[in-house]
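J.: Before I ask anything, here is the structure I am working with.
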Amino acid sequence: EDQVTQSPEALRLQEGESSSLNCSYTVSGLRGLFWYRQDPGKGPEFLFTLYSAGEEKEKERLKATLTKKESFLHITAPKPEDSATYLCAVEYRDSNYQLIWGAGTKLIIKP
Amino acid sequence: DGGITQSPKYLFRKEGQNVTLSCEQNLNHDAMYWYRQDPGQGLRLIYYSQIVNDFQKGDIAEGYSVSREKKESFPLTVTSAQKNPTAFYLCASSPTGGARNIQYFGAGTRLSVL
């Protein structure tokens with residue numbers, strides 16, 4: 001079954017403590033992998049799209065990387081305002097342009 | 001400002017009642033989507049539309065209906081046939097379907113059953 005799995009479910013860090021979130025996928029013919037940020041009670045906000053293995057993208061303290069089976073969202077020296085749920089989604093060859101979503105990782109940064 | 005507007009923010013449904021969630025976008029996007037979000041689960045697609053007057057069922061369309069009479073509007077009706085409607089509903093749009101077309105989301109509607 002085609003699916004997207006995010007780990008860990010929740011992550012608590014101290015301010016300034018760097019870490020990584022994982023998104024693994026088991027689809028064939030990846031067309032794109034998307035990272036979104038979601039604050040409580042709000043809609044997801046787009047962060048990055050990655051299209052091929054080896055690709056990397058950065059935005060402020062966030063860096064997304066992609067391999068053939070997974071993506072990592074690296075957070076460097078996080079601040080409390082980085083606290084949110086981070087969602088991963090993939091589109092693949094047979095998905096008819098639809099996205100399959102992971103359940104998300106809830107990130108809490110303590111001051 | 002361009003964006004996606006969902007209303008209302010909170011909605012309560014009585015048993016046997018149909019309710020309609022509004023979604024309007026002024027981004028001139030062709031494609032629009034409705035998702036349902038439950039705690040601990042990924043977003044699940046209810047319906048999507050890639051062009052006016054055409055829409056397709058997603059993975060969990062039973063108990064829901066939509067219309068796409070205008071490019072800007074994609075309302076979702078939660079019918080009485082949907083026995084477990086309590087969830088956070090998200091509307092999204094993209095320029096066209098496809099990996100290089102990012103989906104942009106509204107702020108969501110939280111639906112509860114009285």
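Values in this text are rule-based calculations from the coordinates and carry no lab data. For clarity, every value in this text was computed on a predicted model and none was experimentally measured. Virtual Cβ from ideal backbone geometry, glycine too; neighbours counted across all protein chains shown.
J.: Assuming a viscosity of 1.567 mPa s and a temperature of 4 °C, what translational diffusion coefficient in µm² per second does Stokes-Einstein assign to chain A, Rh being the Kirkwood radius over Cα pairs?
T.: Details: Rh = 14.0 Å.
Answer from the Stokes-Einstein relation: 92 µm²/s.
J.: On to the next question. Expressed in nm², what is the orientationally averaged projection area of the convex hull enclosing the Cα positions of the protein assembly as shown?
T.: Projected area, direction-averaged: 12.4 nm².
J.: Where does chain B land on Rg/Rh, using Cα atoms and the Kirkwood Rh? Don't skip to the end; give the middle numbers.
T.: Numbers: Rg = 13.3 Å, Rh = 14.0 Å.
Checking Rg against Rh, the ratio lands at 0.95.
J.: In Å, what is the Rg of the alpha-carbon atoms in segment A:1-49, and how long is Dmax?
T.: 13.3, 38
J.: Positive end of the dipole of chain B, charges at C-beta (+1 Lys, Arg; -1 Asp, Glu), about the Cα centre: which of B:GLN50, B:PRO39, B:GLN103 has its Cα farthest in that direction?
T.: B:PRO39
J.: About the Cα centre, and with charges only on the beta carbon of Lys, Arg (+1) and Asp, Glu (-1), how big is the dipole of chain A? Nearest 20 debye, please. Walk me through the numbers on the way to the answer.
T.: Numbers: 14 positive and 16 negative charges, 20 e Å.
The dipole magnitude comes to about 100 debye.
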